[in-house]
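*Asks:* One structure, pasted below without further comment.
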Amino acid sequence: MDLSHLYTPVQHDLERLQSLMEQELASDDPFIAELVRHVLRTRGKLLRPALVCLSAQASGGAGDARLWIAAAVELIHIASLIHDDIIDDADLRRGEPTVNVQWGNQIAVLLGDYLFAKAFDLLSRVRHPEVAPTMALATVKMSQAEIMQIKYGQQPHEDEDVYFRIIAGKTAHLFSAACKAGALVAGNADAAPLLSTYGLEWGMAFQITDDALDLTSREEFLGKPIHSDIESGKVTLPVIRALRDATSEDRDQLVRLLSGPARDGQREELFQLLHRYRGIDYALDVAARYSRRAATALTPLPDGAAKDSLMRLAEFVVVRTR
């Protein structure tokens, strides 16, 4: 499925967004300008801005406020990735050196802070009273979830509830806020809760699938080093499933393999155990259920090109290769 084709109803918005972000992040300081160029060059697929604009269009349309929100949500996302790369000691992001590798952790922290600040500067221009609080709450939940992940998510465990709480906070609530904000600035109070639900369910499907792809994809498709979750000790749904269903002997082996950096042979043994207990298949089945709930949330919206793209994005989220 071609993602760019799904963006067709808002392609002009996304082209304008590029110019808006370049303009808003422009700086007379050569070093800051270099950092900004790096950030804009290593952006992802603009899923969050696209969802803002598609949600606004599906709710009846909106003025330029939708672009301010789209830019803000993308900057929040980029800032969180910069900080994540510091925590994970990552060296690549979409084939480019991470900010922390190229310029050090101090610059990376401050650049992330700068992008967060710029995002809320943009949101302050949106006159709808619920937009900034909606985005702020999602950002708070993101920070809480990252703390939870460090505290709970890096020790082998079988608690799916902990995992779901973490991914809801670090990923799904920002998607939910993006979709809700698009409806709010379109002036459609009835559509806002529907699209908020869509974004939450879609975001859960997205993160569960992303965690499965970390185990199954190729690095050039995923845009980051594969097996990074395993290497950093993050406990994802395939692992939880395998730990829960494994025999006592296999469970002990899984815990041992997950407790330290794995060599190639050990990594292959780990993957065999995950496949033996259908960990990856189980995770993808759960992601598909979230995807179906996302599509169902859109049912009351009037038909149109934007709604059609949102529906097809609900399918895309679980069949994508990146």
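*Asks:* Computed from the mean reciprocal separation of all distinct C-alpha pairs, what Kirkwood hydrodynamic radius does the stretch 268-322 have, in Å? Walk me through the numbers before you get to the answer.
*Replies:* Numbers: mean 1/r = 0.0773 Å⁻¹.
Evaluated on the stretch 268-322, it is 12.9 Å.
*Asks:* Quick one: which residues, 5 or more positions from Leu92 or on another chain, have an amide H under 5 Å from its amide H? H modelled 1.01 Å from N in the peptide plane, none for Pro or chain starts.
*Replies:* Under 5 Å from the amide H of Leu92: Thr98.
*Asks:* Shifting gears a bit: Comparing Ser176, Ser19, Ser55, which has the greatest mean-square fluctuation in the GNM of the chain with Cα pairs linked when under 10 Å apart?
*Replies:* For the chain, modelled as a Gaussian network with Cα springs under 10 Å, the answer is Ser19.
*Asks:* Using θ = phi - 60° and the Karplus form 6.51 cos²θ - 1.76 cosθ + 1.60, what ³J(HN,Hα) does each residue of the stretch 21-28 get, whole Hz, x for Gly and Pro?
*Replies:* Along the stretch 21-28, the couplings run 5, 4, 5, 5, 9, 4, 9, 6 Hz.
*Asks:* Using Cα pairs under 8 angstrom and six or more residues apart, how large is the relative contact order of the stretch 3-316, in percent? Mind showing how you got there, number by number?
*Replies:* Values: 451 pairs, mean separation 64.9, N = 314.
Relative contact order comes out at 21 percent.
*Asks:* Sum -39500 (n - 2.57) across every DSSP H segment of at least 4 residues in the chain, then divide by the residue count to get the 222 nm mean residue ellipticity, nearest 500. Walk me through the intermediate numbers first.
*Replies:* Working: 18 runs with 232 residues, N = 322.
When only DSSP H runs of four or more count, the value is -23000 deg cm²/dmol.
*Asks:* Over the stretch 67-118, what lengths in whole Å, largest first, do the semi-axes of the equivalent ellipsoid take, defined as the square roots of 5 times the eigenvalues of the alpha-carbon gyration tensor?
*Replies:* Values: eigenvalues 80, 27, 13 Å².
Gyration-tensor ellipsoid for the stretch 67-118: 20, 12, 8 Å.
*Asks:* Once you have the Cα-Cα distance between Ala189 and Leu92, take 0.36 nm times their residue separation minus that, and quote the gain in nm to one decimal.
*Replies:* On the way: separation 97, 0.36 × 97 = 34.92 nm, distance 4.12 nm.
Length gained between Ala189 and Leu92: 30.8 nm.
*Asks:* Per residue of the stretch 273-289, in order, report the coupling 6.51 cos²θ - 1.76 cosθ + 1.60 (Karplus, θ = phi - 60°) as ³J(HN,Hα) in whole Hz, putting x for Gly and Pro.
*Replies:* Those phi angles translate into 5, 4, 5, 4, 9, 6, x, 6, 4, 4, 4, 5, 5, 5, 4, 5, 5 Hz.
*Asks:* Okay, next question. In the stretch 35-73, whose amide N lies under 14 Å from the spot 7 Å out along Cα-to-Cβ of His5? List them in ranges.
*Replies:* none
*Asks:* Would you tally the net charge around Leu301, using a Cβ to Cβ cut-off of less than 12 Å, leaving Leu301 out, and scoring K and R as +1, D and E as -1?
*Replies:* Values: positive: Lys307; negative: Asp190, Asp303, Asp308.
Surrounding charge for Leu301 is -2.
*Asks:* Can you give the longest run of the chain that contains no GluC sites (Glu not before Pro) sitting in a DSSP loop with at most 16 other Cβ atoms inside 10 Å?
*Replies:* Values: sites that count: Glu130, Glu158.
Longest gap between qualifying sites, sites excluded: 159-322.
*Asks:* Short version: ³J(HN,Hα) in whole Hz for each residue of the stretch 113-123, in order, from phi by Karplus 6.51 cos²θ - 1.76 cosθ + 1.60 (θ = phi - 60°), x for Gly and Pro, what are they?
*Replies:* 4, 4, 5, 4, 4, 5, 4, 7, 4, 5, 5
*Asks:* Quick one: angle between helix 305-316 and the longest Cα principal axis of the chain, in degrees between 0 and 90, rounded to 10, please.
*Replies:* Once rounded, the angle reads 10 degrees.
Here, each number is a calculation from the coordinates, and none is a lab measurement. Because the structure is a prediction, the values reported are computed rather than measured. No Cβ is skipped: glycine too gets one built from the backbone with ideal geometry, and neighbour counts run over all protein chains shown.
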